[in-house]
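Please treat every number below as a calculation from the coordinates, not as lab data. Because the structure is a prediction, the values reported are computed rather than measured. FYI the Cβ positions are ideal-geometry reconstructions off the backbone, even for glycines, and counts take in every protein chain you see.
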């Protein structure tokens, strides 16, 4: 049985990179020594779980919000610098 911490790590990695196999390997380092197909199968099994899907959906929303906020901050900084340059 998987520990809650391990599942959370998988969900976080998946929310950040969108690659289930890579997320599985990042959360379960021993899987790096497995055949990639084996890690992929395990990742798919994990992705079928409703609790994992729900957590990824929540984390995905957080990632999008942070990305949007970072983009808006960078855009604001860009326009501030552009105005200063014209003055």
With R₀ set to 22 angstrom, the calculated FRET efficiency between the beta-carbons of residue 9 and residue 71, to the nearest 0.05, is 0.25
What does the extension gain come out to for residue 79 and residue 17, with contour length at 0.36 nm per residue minus their alpha carbon separation? 19.4 nm
Full-stretch length increase - residue 64, residue 49 - with 0.36 nm per residue and alpha-carbon distance subtracted: 3.2 nm
Computed [θ] at 222 nm, helices only, for the chain once each DSSP H run of length n ≥ 4 contributes -39500 (n - 2.57): -27500 deg cm²/dmol
